[in-house]
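K.L.:
Here you go, one structure.
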Amino acid sequence: MRIFTMLLALIIWLPAAAQAQAGNWRFVALGDMPYRDQDIPDMEMLIDAINGVQPRFTVHVGDTKNSAAACGEAWNKRVLGWFNSFQAPLIYTPGDNEWTDCHRARPPSDPLDELKLLRRMFFQRPDSLGAKPMPLLRQSAAYPENQAWQHDGIRFATLHVVGSFNNMRRDAQEYAARNDANLSWLRRQFAEAGNDRAIAIFLQADLWYTIDNGKGSRDGMVPLMQLLEEETRRFAKPVLLVHGDSHDCVIQPNPPGFGADAARIPNMLRVQVPGDSVVDALVIQVGRDTAQPFSVKPVLGVARNCTAKQP
């Protein structure tokens, strides 16, 4: 009943909101779900609600399950069915729970085997997932999960950066090669964005975890963090960074930078999707404002703390 009431409110609100700002459009971001078997019906209803929003596309930023649940082909097939039930294109970037943490799943499995399986099942096509796929640019045959596309003068890209130290502590060789690929892909997006009005980057890992919580390690993240801040400042136009990993909804204009002084990044909007037991997604409205074209709102309104953090 709770979900039904929210869906009804959504159906009432969206058409008016969509027509109130002519020329605007929207996409949806979600991740870190479903974490529990009892959340699966709510997630399937969330997909129906997202289809009702009619976004141009939806991005899932990883963690399609909790870290203890079994990895493998059977689960991936179920996820693929969900992804292809999105009426608009669905773009996916993996999380740590799908592969790096599979050694501690029940039953355990080999992370590198799971990574190969993910690439084979989700990233072999030249286009997106979803009922109406759209073309995507893929970085390479070795890293097909690094994807890019453009819409309305905005460059969008995924980076395969995951929690659990980005796999650096478990497999330094795998990490080093993928990190080099990520850095190259990120540089390319900014290098080719001279005429774009904004850039949006999607990844799984929470790069701000230690800053927000005053604890934890940046192992496996530092080179990417430094390059992201450097390129964003140089770009000087709006940059949207969407991630998952820590589960609470976060909307943070001008987030702290990653240097020792944590100087704010003035042209970045950081958005963390809700997750875990909170089954919701974020509608990101795109407008014509040159300073900040992105505004964010939950689809169902059940996400915790989903208000802008003050810079």
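All of the numbers you see were taken from the coordinates with simple rules; none came from a lab. Keep in mind that this is a model prediction, so the values were computed, not measured. Glycine gets a Cβ as well: all are built from the backbone with ideal geometry, and neighbour counts include every protein chain shown.
K.L.:
Out of VAL302, LEU269, GLN285, whose Cα points farthest toward the positive end of the dipole of segment 238-308 (charges: +1 Lys, Arg; -1 Asp, Glu; placed on Cβ)?
P.N.:
GLN285
K.L.:
Connecting C-alpha atoms closer than 10 Å in a GNM of the chain, tell me which of PRO253, PRO133, PRO41 has the biggest fluctuation.
P.N.:
PRO41
K.L.:
Ok, one more. How fast does segment 92-233 diffuse by Stokes-Einstein, in µm²/s, taking the Kirkwood radius from C-alpha pairs at 4 °C and 1.567 mPa s?
P.N.:
Rounded to a whole number, D works out at 81 µm²/s.
K.L.:
May I pose another question? Could you size up the charge dipole of the chain around its Cα centre, putting +1 on the beta carbon of Lys and Arg and -1 on that of Asp and Glu, and report it in debye to the nearest 20?
P.N.:
That gives the chain a dipole magnitude of about 600 debye.
K.L.:
In terms of the Cα gyration tensor, with a ≥ b ≥ c the square roots of its eigenvalues, is segment 231-311 rounded because a/c is under 1.5, prolate because a/b exceeds b/c, or oblate? Don't jump to the answer; show the numbers that get you there.
P.N.:
On the way: a/c = 2.48, a/b = 1.44, b/c = 1.72.
Because a/c hits 1.5 or more and a/b fails to exceed b/c, segment 231-311 counts as oblate.
K.L.:
Subtracting the Cα-Cα distance from 0.36 nm times the residue separation, let me have the gained length for GLN38 to ARG104 in nm, one decimal. Mind showing how you got there, number by number?
P.N.:
On the way: separation 66, 0.36 × 66 = 23.76 nm, distance 2.17 nm.
Computed gain between GLN38 and ARG104 is 21.6 nm.
K.L.:
Over the chain, how many percent of alpha carbon pairs lie in each 20 Å bin up to the one with the longest distance?
P.N.:
Spelled out per bin, shortest first, that is 35, 61, 4.
K.L.:
Let me ask another. Hey, which of these cross-link pairs are over 31 Å Cα-Cα: LYS132/LYS215; LYS132/LYS297; LYS77/LYS215?
P.N.:
The pairs that break the limit, which is 31 Å between Cα atoms, are LYS132/LYS215; LYS77/LYS215.
K.L.:
At 4 °C and a viscosity of 1.567 mPa s, what translational diffusion coefficient does Stokes-Einstein give for segment 39-118, taking Rh as the Kirkwood radius over Cα pairs? Give it in µm²/s as a whole number.
P.N.:
98
K.L.:
Tell me the relative contact order for the chain as a rounded percent, counting alpha carbon contacts under 8 Å between residues six or more apart.
P.N.:
Reported as a whole number, the value is 19 percent.
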